[in-house]
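*Asks:* Sharing a structure here in structure tokens format.
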Amino acid sequence: MKITSMDLSELGLDLWFQNQADELCQPGQRIARVTAVDRGWYVVRNEEGEVPARTTGRFLNSTDSTMDMPCVGDWVCVNYDSENSATIHAVLPRRSYLHRKSAGKNVEMQMIAANIDVAFIVQSCHYDFNVARLERYLVMAGEGHVASVLVLTKTDLVSAEDLEQLIAAIRGAGISTRIIALSNVTGAGLDQVIELMGPGKTYCLLGSSGVGKSTLINRLTGQDTLKTGTVSDSGEGRHTTVRRQLIVLEQGAMFVDTPGMREFGLFGATEGIGECFDDIRELALSCRFSNCSHTNEPGCAVLPAIAGGDLPSEHYGNYVKLKKESDLNVTAYAEKRKKGKPSGNAGHSATKQTKKQK
């Protein structure tokens with residue numbers, strides 16, 4: 001896609017970020033936005049266009065974890081070494097973020113994207129549909145102060161009755177988030193996605209490999225911006241996105257495409273869990289004990305709701321599972337820090353700074 005000159009406000013810069021830049025950027029440095037990350041290399045964009053960039057040695061030595069490293073969507077202070085290269089000296093505080101525990105047994109945090117306004121959580125109606133996974137994505141978005149919209153793709157592969165049942169399953173789990181039913185084949189539902197997008201706003205696509213994220217972006221751009229894989233007989237697409245990148249659409253909105261995630265752990269996601277499972281949180285206010293675990297305590301208000309059918313047991317079970325997972329990862333992280341090993345959570349400092357200044 002051809003890169004044209006544009007004002008930084010069209011890339012999402014506002015007074016809040018400008019104030020952060022005035023404090024952090026040194027004389028001679030300019031503001032740019034990270035538009036791609038690929039194995040330690042970056043692409044940054046300013047008013048004139050995009051150039052490859054790298055971090056300075058001084059910046060690397062000042063970081064405590066991978067969470068402090070630039071990610072797609074970040075605003076950064078850069079020096080332009082030439083017309084075709086730049087160096088990154090600082091990352092501005094993040095207003096919102098999407099992160100996860102990195103895959104594997106190590107308790108490290110991985111930043112996915114920053115300064116996102118809305119996350120489109122994408123699942124296929126055909127092979128990928130899973131309510132528990134939807135709730136996990138919703139917790140991730142809520143924890144990072146990112147609004148969510150659910151997108152059910154490949155509706156052309158299921159009947160209208162099957163689609164209604166899938167939506168009913170989502171609503172039955174207490175999820176009230178807006179749902180868009182989409183077919184990348186017929187284009188049905190695409191207009192609803194476009195209506196939600198505003199100029200200067202940043203959107204992110206989250207979902208497993210092959211659910212149609214790249215195809216959706218190609219439809220929005222009107223060209224083959226991203227490579228797509230053929231769909232198997234089962235309706236499962238092939239993973240094609242290999243790096244995170246931010247794409248500016250003609251109407252002025254921006255999209256972050258990310259590689260598919262089949263595994264993503266939660267870490268310290270108390271706020272996100274409370275937001276996603278607000279029905280359980282509301283019930284918990286009536287529990288006899290403020291620290292009720294909703295397992296066997298007397299006077300618990302949650303357990304009777306499950307027994308009476310007012311609260312779906314699967315919904316409650318996933319709540320318990322995600323809360324336990326998040327708490328265990330926090331404990332493992334704390335033990336790791338005691339041993340003096342590098343942490344993956346230091347990036348929270350920037351997030352805390354954003355909350356204080358809002």
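The values are calculated or read from the model by the stated rules, or taken from the named source; none is laboratory data. Just so you know, these numbers come straight off a predicted model, no measurement behind them. Positions of Cβ are generated from backbone atoms using ideal geometry, with glycine treated the same way; all protein chains shown enter the neighbour counts.
*Asks:* Are there any pairs with C-beta distances below 6 angstrom linking a residue in the stretch 193-213 that is touching a residue at least 12 places away in the same chain (Cβ under 8 Å) to a residue that is of a type in the set (S, T, Y) and crowded, with 18+ Cβ neighbours inside 10 Å, with the two at least 6 apart or on different chains, and if so which?
*Replies:* Pairs that qualify, where the first residue is touching a residue at least 12 places away in the same chain (Cβ under 8 Å) and the partner is of a type in the set (S, T, Y) and crowded, with 18+ Cβ neighbours inside 10 Å, are L206/Y137; V211/S124; V211/T153; G212/T153.
*Asks:* Out of R100, R54, I need the residue that is within 21 Å of C204 (Cβ to Cβ), of a type in the set (D, E, K, R) and touching a strand residue (DSSP E or B) at 6+ places or on another chain (Cβ under 7 Å). Which one?
*Replies:* Just one listed residue meets the conditions, R100.
*Asks:* Condition first: out of contact with any Cys (no Cβ under 9 Å at 6 or more places or on another chain), modelled with pLDDT under 95, outside any helix (DSSP H, G or I) and over 24 Å from V248 (Cα atoms). Can you find one or more residues in the stretch 6-14 that meet it?
*Replies:* Taking every residue of the stretch 6-14 in turn, none turns out to be out of contact with any Cys (no Cβ under 9 Å at 6 or more places or on another chain), modelled with pLDDT under 95, outside any helix (DSSP H, G or I) and over 24 Å from V248 (Cα atoms).
*Asks:* Considering only residues that are at pLDDT 90 or above and not in a loop (DSSP other than H, G, I, E, B), look in the stretch 303-322 and name the one that is farthest from V131 (Cα to Cα).
*Replies:* Within the stretch 303-322, the match that is farthest from V131 (Cα to Cα) is P304.
*Asks:* Counting only residues that are without any contact (Cβ under 8 Å) to a residue 24 or more places away in the chain and of a type in the set (A, V, I, L, M, F, W, C), how many does the stretch 28-46 have?
*Replies:* Going through the stretch 28-46 one residue at a time, the tally reaches 1.
*Asks:* P27: surrounded by fewer than 23 Cβ atoms within 10 Å (Cβ to Cβ), more than 28 Å from L138 (Cα to Cα) and under 25 Å from the mean Cα position of the chain (by Cα), yes or no?
*Replies:* Values: surrounded by fewer than 23 Cβ atoms within 10 Å (Cβ to Cβ): yes; more than 28 Å from L138 (Cα to Cα): yes; under 25 Å from the mean Cα position of the chain (by Cα): no.
So P27 fails the test.
*Asks:* Let me ask another. For the stretch 173-191, does any single residue satisfy the condition of being under 27 Å from W75 (Cα atoms) and in contact with a helix residue (DSSP H, G or I) (Cβ under 9 Å, 6 or more places away or on another chain)? Give the steps one after another, and end with the answer.
*Replies:* Kept after step one, since they are under 27 Å from W75 (Cα atoms), are these residues of the stretch 173-191: none.
No, the stretch 173-191 has no match at all.
*Asks:* Looking at the stretch 72-85, is at least one residue touching a Pro at 6+ places or on another chain (Cβ under 9 Å), modelled with pLDDT of 90 or more and surrounded by fewer than 24 Cβ atoms within 10 Å (Cβ to Cβ)?
*Replies:* Checking the stretch 72-85: at least one residue is touching a Pro at 6+ places or on another chain (Cβ under 9 Å), modelled with pLDDT of 90 or more and surrounded by fewer than 24 Cβ atoms within 10 Å (Cβ to Cβ).
*Asks:* Oh, and also: Name the single residue that is surrounded by the most Cβ atoms within 10 Å (Cβ to Cβ) among those in the stretch 284-302 being of a type outside the set (G, A, S), touching a helix residue (DSSP H, G or I) at 6+ places or on another chain (Cβ under 9 Å) and at pLDDT 90 or above.
*Replies:* Within the stretch 284-302, the first condition is being of a type outside the set (G, A, S), and the residues that meet it are 285, 287-289, 291-292, 294-298, 300, 302.
Retained after the next criterion (residues that are touching a helix residue (DSSP H, G or I) at 6+ places or on another chain (Cβ under 9 Å)): 287, 292, 294-297, 300, 302.
Add one more test, that the residue is at pLDDT 90 or above, and what stays is 287, 300, 302.
Values: C287: 18, C300: 20, V302: 24.
Checked the stretch 284-302; the qualifying residue surrounded by the most Cβ atoms within 10 Å (Cβ to Cβ) is V302.
*Asks:* Here's a follow-up. May I ask you to list the residues in the stretch 201-216 that are small (G, A, S) and either modelled with pLDDT of 80 or more or within 19 Å of I116 (Cβ to Cβ) (or both)?
*Replies:* Step one: list which residues in the stretch 201-216 are small (G, A, S), which gives 207-210, 212, 214.
Within the stretch 201-216, G207, S208, S214 meet the criteria.
*Asks:* Taking the conditions exactly as written (under 23 Å from the mean Cα position of the chain (by Cα) and either among the β-branched types (V, I, T) or not assigned by TED's automatic domain parsing to the domain that holds E325 (or both)), does T63 satisfy them or not? Give the steps one after another, and end with the answer.
*Replies:* Numbers: under 23 Å from the mean Cα position of the chain (by Cα): yes; either among the β-branched types (V, I, T) or not assigned by TED's automatic domain parsing to the domain that holds E325 (or both): yes.
Considered against the rule, which asks whether it is under 23 Å from the mean Cα position of the chain (by Cα) and either among the β-branched types (V, I, T) or not assigned by TED's automatic domain parsing to the domain that holds E325 (or both), T63 comes out as yes.
*Asks:* Which residues, taken from the stretch 23-80, are within 18 Å of L8 (Cβ to Cβ), part of a loop (DSSP other than H, G, I, E, B) and small (G, A, S)?
*Replies:* G28, G49, G73
*Asks:* Kindly indicate the residue of the stretch 48-71 that is charged (D, E, K, R) and more than 15 Å from D38 (Cα to Cα) and also surrounded by the most Cβ atoms within 10 Å (Cβ to Cβ) among those meeting that condition. Walk me through it before giving the result.
*Replies:* Filtering the stretch 48-71 for residues charged (D, E, K, R) gives 48, 50, 54, 58, 64, 68.
Next, only the ones that are more than 15 Å from D38 (Cα to Cα) stay: 48, 58, 64, 68.
Numbers: E48: 13, R58: 9, D64: 13, D68: 19.
Only one residue fits best here, namely D68.
*Asks:* Given the stretch 85-167, what strands (runs of 3 or more DSSP E) lie entirely inside it while holding 1 or more residues that are out of contact with any Ser or Thr (no Cβ under 7 Å at 6 or more places or on another chain) and of a type in the set (S, T, Y)?
*Replies:* Working: elements: 85-91, 97-101, 109-114, 118-124, 147-153.
Per the criteria, 85-91.
*Asks:* Moving on to the next point. Under 7 Å between Cβ atoms, at least 6 apart or on separate chains: pull out the pairs that start in the stretch 283-295 with a residue that is touching a residue at least 12 places away in the same chain (Cβ under 8 Å) and end on any residue that is surrounded by fewer than 14 Cβ atoms within 10 Å (Cβ to Cβ) and not polar (S, T, N, Q).
*Replies:* Listed by first residue and then by second, the contacts come to C287/G299; R288/P298; R288/G299.
*Asks:* Taking R54 as meeting all but one of (1) over 30 Å from T155 (Cα atoms); (2) touching a helix residue (DSSP H, G or I) at 6+ places or on another chain (Cβ under 7 Å), write down the number of the exception.
*Replies:* With (1) over 30 Å from T155 (Cα atoms); (2) touching a helix residue (DSSP H, G or I) at 6+ places or on another chain (Cβ under 7 Å) applied to R54, the lone miss is (2).
*Asks:* Next question. In contact with a helix residue (DSSP H, G or I) (Cβ under 7 Å, 6 or more places away or on another chain), among the small types (G, A, S) and not assigned by TED's automatic domain parsing to the domain that holds Y316 - does that describe any residue in the stretch 200-222?
*Replies:* Yes, because at least one residue in the stretch 200-222 is in contact with a helix residue (DSSP H, G or I) (Cβ under 7 Å, 6 or more places away or on another chain), among the small types (G, A, S) and not assigned by TED's automatic domain parsing to the domain that holds Y316.
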